[in-house]
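What follows is a single structure, written as structure tokens, with notes after it.
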Amino acid sequence: MVCGKGSAVAVCLVTGWVGNSSAQQLSEEEQLALVYGDRDTVSIATGSKQLLRRAPAVATVITAEDIKAIGATSLDDVMESVPGVHVTRSYQSNFSIYSIRGIGANQTTNPQVLMLQNGVPTNTMFRGDRGQAIGAPLLENVERIEIIRGPGSALYGADAFSGVINIITKNAETAPGTTTGMRAGSFNSQNVWVQHGSRRGALDVAAYLQAGRTDGAGQIVTADAVTRFNRAFGGSSSYAPGPMSTNDEMIDGQLDLGYEKWRLRGGYKRSYAGLGVGASSALDPVGREKGERINADLSWNDEAFSRNWGVGFTGSYLQYAEDMTYQMFPPGTVLPTGTFTNGMLGMPGRWERQYRFSGNATYTGFADHSVRLGAGHEDLDMYQVRTLKNFLLNASGVPVPTGAVIDYSAIQPHQLPHRRFNDYAYIQDEWNFARDWALTAGLRNDNFSDFGSTTNPRLALVWDTTYDLTSKLLYGEAFRAPSFNEQYGVNPGADGNPNIRPERIKTIEAAFAWQAQPDVKLNLSLFRHIMNDTIRTVGKSGGVGFQLTNTGQLHGSGAEIEVEWNASRKVRVTANLSLQEMIDESTSMDAGYAPRKHAFAKAEWQMAGNWMLAPQVNWVADRRRVPGDTRSPVPDYTTFDMTLRNSLEGGKWELSASVRNLFNATALEPTLYLAAPGNVPSYPTSAIPYDLPVAPRTLWLQAELKL
Amino acid sequence: MSCMIQPTLNRHPVFRALAGLLLLAALVAGSTQAFSDIAGSQARKAIAGSGRVAIVYPAIGEPYRSVFEQIISGIESQTGGHTTNFEVGANADFGELKNSLRQQGVEVVIALGSQGVKFAATLDRDIGVVAGGVIAPAGDELHDAPVQSLSPAPALLFGRLKQLMPGARRVFAVYEPRQNGWLIRYAKEAARAQGLELVAYEGQDMRSAAAAYQNILSVADSRRDAIWLLQDSIGAEGGTILPMVLQEAWNHNLVVFSSNFGHVRRGALFSLYPDNVGMGRRLAGMALGFLSSGSYEEQGMIPLREVQAAINLRTAEHLGVRPGKGMEFGMVFPER
């Protein structure tokens, strides 16, 4: 058959190909396909009314339906399926690190990714990431997730460094009616939730509440930091081999009110969780972290404010608290400075609040131009800090036992309260300078009260090359603001540095979207980035102790390939392959930890009746050790998941079951290699000697009821 | 040790109370929804009710199920939820279903989808029928009952075309007569009313459809002509005809608009597609009108007027088409 894509009409006539006769009656699905299109577009047509922009960026959108299909229960599950993204684990707690294009895989925090909820930043100030004590976002109230890979500071400002994640929550329009659900699964996990959306005249009301708990997998750690101390200094205090502390209890509630052009949202989330492998890489069966977040935002938007103007503004508030209880090292731990008879204990706490105000305007009065202007003010205040502990750090940063736990806030706080202001302005112009060509140019200036000013540009050239091919060439610069801990922290590992500057990145990308066949779409993106002013731990200038400072440069490159194939009306296959390498220019060697090869594939099969089966496979490979790390190579792993769904009673009930890591593959995430900085043999902290196991086979069952 | 580290929230009373409350709500809600089969047949009664209006809709999986759920929600918003709803599978026992309708005193049936229409065609004439959720009945005898088609009204399509392309003078279409003959009759009238000439080719099979498009593309003038893709398995066949038409139209800067929402994602300039909830409200209005008057206000096939619009901005930019500020679109492609 030669009447394929690209053929002229005459070719089909010459070949004499004749399709099916029209006489047959169309089935229910065939008729609906003629109205709404394929499965994807049916879902879009029956989804929410939403305006999707042509973004000059490399982006992935995960919808609520996608989330159900892959059996995802938290953002971690979703992120692993996104091209260019791998979810690894902090070796200090159990915090999930979203490493985008290889960036940030070697860290205990995740400040290179800007997390937005309905467009409002939710990154916290102490560590700069989305908040370690609050857990990964739950998904039952999520309408869609937009993930932008690459720099975004020209529009979003700080921390849009390796990527931006924007979580769009459900509202009365996208989730009308009342739904309640429950899920139970392995490791004594239970979640229950209820969600409601309705309209009262011009007022939209949506509310959601979820409660959940889990013991977690409690994977066994063979040896921890204390194991090393025991070998070096004597003692037998380590809990290893023993289970990680992975229990968690959480409450999550959100409210969404809409009235004409106004929207008011509020949220409350609380988590009370174990510390994974421990705050100091030492198993901690008694420690807990309690996180609490309260957020609210009020916005007003009028896209047709006047003939050529669209206008909007947003004011938001976020309060975040971390209240920790650590047993950093167990009772009997011996260090060169003494013995911790009751264990090395700490109860740090931090309370911060953020106020943000922003306004934007879009002007379309110039022919072939769409200009977007914006400005804003941010007040980021860590207003209270608590330091309770039973030790002090000496000049080398080594803990010295001091007896009872007392308040050291006045003597040696782990952090002082700090307040940061930022004023910013940006402009972006999308210029259609020729048929099928558009150039987007943007520039944003941020002026921070503590570390100064930074300006970041963005250029995107988009060419609608042919009817079925779009090509993009993108350039952007971005920055990651130093966290308060990096500026002012007092830690056993390294002290903060008030003079520290933001990390910077420059990225160039080429992206292609090709509708290769009516049922096959291919996306290819190629990138190269250079990072400088990297924040790292170095010895202090006096030779005693360590401090964070800007030093060194890394460069990386890679490619992401995606395939979407609607194999039939009942089967859809999507797959992606991500390749990357990152070179640390101080060693000219691989920066390590992040997979250089990563592939993910899933199929969605609409079976007889209302059954839906969705198998998926995830392959993580080629994670290098850094120079000096003589441990054996990190083993590759492949996991299989399977999700089965069915709906009953006209869709009122939806039942689903999912198995993650079906074959119980051993999957390990690399722990950080810490060469003793400055060759100080008594350097007190150490990574876990062995790599960390991630979740074994996990099963859950779920029922949802639409009332 | 002076400071005992004790988890204080491990069984926090607020957490336990909240979890228990949610669990209770879910269980109570669940217990009120009993599964019930109708004498073992595949016809399934979904919602208990005592109204004089029944909805019969097809058993179909997602994502298509959502279409009917939205239509039903529109119906129920008009009837106050006083309907009796039946999901019918491919092998449903229509006899049992009819008995059930009679026992419940149903006076009018809103038949959705091909399966619903197929059932409605077996009903005696003392029960009213309002049909919807189909492009056109596949030969089922519905007497004089109204059938709300899923095909957008040509008048609305042509009106939108004139908004986006004020210079449009001629519209070409290729259609399979048994599927869309009825609609073309409406369309010719609607075109005339808007100062357009509709040039419609019959496509009995793929070969004749391809030949028709060859004719169209050889004569079409991008300044004044446009191509209309119908909901047609021949004239807008997705695997071969559609990509050819879209590619040639792109190359010749021709406007292509469609009655199929999915075509906009593929590259058509715009489409009108059903506002399912609005369509449900309209069906409910027709059914309630029958209940009050005992007769139908309209009869036979009715093109859909409850629609939303979708546009492809990539195509619009390629064609130099600029949607006006006041123009509302329910969906904008391409998505990022």
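The values are calculated or read from the model by the stated rules, or taken from the named source; none is laboratory data. This one's a predicted model, so the numbers in the text were calculated from it and none came from an experiment. Cβ placement follows ideal geometry from the backbone for every residue including glycine, while neighbour counts extend to all protein chains displayed. Accessible surface areas use protein heavy atoms only, side chains included; no ligands, DNA or RNA. Shrake-Rupley method; radii C 1.70, N 1.55, O 1.52, S 1.80 Å.
For the stretch A:194-280, what percent of Cα pairs sit more than 18 Å apart?
Result for the distance tail: 63 percent.
Quick one: what does P(r) look like for the stretch A:376-496 with 10 Å bins over all Cα pairs, in whole %?
Distribution as computed: 11, 26, 19, 16, 13, 9, 5, 0 percent.
In debye, nearest 20, what is the charge dipole magnitude of the stretch B:136-273 about its Cα centre with +1 on Lys and Arg Cβ and -1 on Asp and Glu Cβ, if you could check?
620 debye
What do you get for Rg/Rh over the stretch A:452-610 if you use C-alpha atoms and the Kirkwood form of Rh?
My calculation of the ratio gives 1.14.
Round to a whole number: what % of the accessible area of the stretch B:44-143 belongs to carbon and sulfur, probe 1.4 Å?
Percent of accessible area from carbon and sulfur atoms in the stretch B:44-143: 44.
Using alpha-carbon pairs under 8 Å, 6+ residues apart, how would you state the relative contact order of the stretch A:50-706 in percent?
RCO, the stretch A:50-706: 12 percent.
Given only helices, namely DSSP H runs of n ≥ 4 each adding -39500 (n - 2.57), what is the per-residue ellipticity at 222 nm of chain A, to the nearest 500 deg cm²/dmol?
Using -39500 (n - 2.57) per qualifying helix, the result is -2000 deg cm²/dmol.
Using the C-alpha gyration tensor of the stretch B:273-336, what are the square roots of 5 times its eigenvalues, in whole angstrom, with the largest one first?
36, 11, 9
I'd like the FRET efficiency for B:Ser292 and A:Asn491, computed as 1/(1 + (r/R0)^6) with the beta carbon distance as r and R0 of 56 Å, rounded to 0.05.
That pair, B:Ser292 with A:Asn491, gives E of 0.15.
By how many nm would the segment from A:Ala567 to A:Phe421 lengthen if fully extended, with 0.36 nm per residue of separation less the alpha-carbon distance?
Contour length minus Cα-Cα distance gives 47.3 nm.
Determine by what factor the alpha-carbon radius of gyration of the stretch B:208-336 differs from 2.2 N^0.38 Å, reporting the quotient.
The reported ratio for this selection is 1.27.
With 10 Å bins from zero, work out the P(r) of the stretch A:103-242 over every alpha carbon pair and list the percent per bin.
Taking every Cα pair in the stretch A:103-242, the percentages come to 10, 25, 27, 24, 10, 3, 1, 0.
Using 0.36 nm per residue, how much length does the chain from A:Asp379 to A:Asp436 gain when fully extended, once their Cα-Cα distance is taken away?
Result for the pair: 16.3 nm of gain on full extension.
Give, as ranges by residue number, the residues of the stretch B:59-82 whose backbone N falls under 16 Å from the point 7 Å along Cα→Cβ of A:Thr178.
Counting only backbone N, you get B:81.
What nm value, rounded to one decimal, do you get for the distance between A:Asp407 and B:Gln104 when each label is placed 7 Å out toward the C-beta?
The answer from the label model is 6.8 nm.
Report the Stokes-Einstein translational diffusion coefficient (µm² s⁻¹, integer) for the stretch A:222-363, Rh taken as the Kirkwood radius over Cα pairs, at 10 °C with viscosity 1.306 mPa s.
D = 85 µm²/s.
For the pair A:Met607/A:Asn532, report the inter-label distance in nm, with labels modelled 7 Å from Cα in the Cβ direction.
5.7 nm
Give the Kirkwood hydrodynamic radius (Å, one decimal) of the stretch A:357-429, defined as one over the mean of 1/r across all pairs of different Cα atoms.
Result for the stretch A:357-429 stands at 16.5 Å.
Could you tell me which of A:Leu393, A:Gly476, A:Phe448 has its Cα farthest along the dipole of the stretch A:366-488 towards the positive end, charges placed at Cβ (Lys, Arg +1; Asp, Glu -1), taken about the Cα centre?
It is A:Leu393, whose Cα lies furthest towards the positive end.
Over its Cα atoms, what ratio of radius of gyration to 2.2 N^0.38 Å does the stretch A:50-706 give?
0.95
Of the GluC sites (Glu not before Pro) in the stretch A:275-336, which ones lie in a loop per DSSP and count no more than 16 other C-beta atoms within 10 Å?
Those satisfying the criteria are A:Glu303.
Would you mind computing, in nm to one decimal, how far apart the modelled labels at A:Arg200 and A:Leu707 are, each placed 7 Å from Cα along Cα→Cβ?
Result for the modelled spin labels: 1.6 nm.
Rounded to the nearest 100 Å², what is the buried accessible area between B and A, both sides summed, probe 1.4 Å?
Its buried surface, counting both partners, is about 8900 Å².
Before I look further, what does the protein assembly as shown give for accessible area per residue, probe 1.4 Å, in whole square angstrom?
38 Å²
Suppose R0 equals 22 Å. What FRET efficiency, 1/(1 + (r/R0)^6) with r the Cβ-Cβ distance, do A:Tyr259 and A:Tyr355 give to the nearest 0.05?
0.45
How many percent of the accessible area of the stretch B:160-287 is carbon or sulfur, using a 1.4 Å probe?
Answer for the stretch B:160-287 is 43 percent, counting heavy atoms of protein chains only.
Report the charge-dipole magnitude of the stretch A:96-193 in Debye, nearest 20, computed about the Cα centre from +1 at each Lys and Arg Cβ and -1 at each Asp and Glu Cβ.
Its charge dipole is roughly 180 debye.
Looking at the stretch B:44-143, what % of the alpha carbon pairs are farther apart than 23 Å?
16 percent
Within the stretch A:499-520, find all residues whose amide N lies under 12 Å from a label point positioned 7 Å from the Cα of A:Trp619 along Cα-to-beta-carbon.
Within reach of a label on A:Trp619, which here means backbone N under 12 Å from a point 7 Å along Cα→Cβ, the stretch A:499-520 contributes nothing.
Taking just the alpha carbons, could you work out the radius of gyration and Dmax for the stretch B:155-271, both in angstroms?
Radius of gyration, then largest Cα-Cα span, for the stretch B:155-271: 12.6, 34 Å.
Compare each residue of the stretch A:209-241 in its chain alone against the assembly with all protein chains, and report those whose accessible area goes down by 20 Å² or more; 1.4 Å probe, heavy atoms.
Residues passing the criterion (a loss of at least 20 Å², heavy atoms only) are A:Leu209, A:Ala211, A:Arg213.
What's the carbon and sulfur percent of the stretch A:50-706's accessible surface, probe 1.4 angstrom, rounded to a whole number?
58 percent
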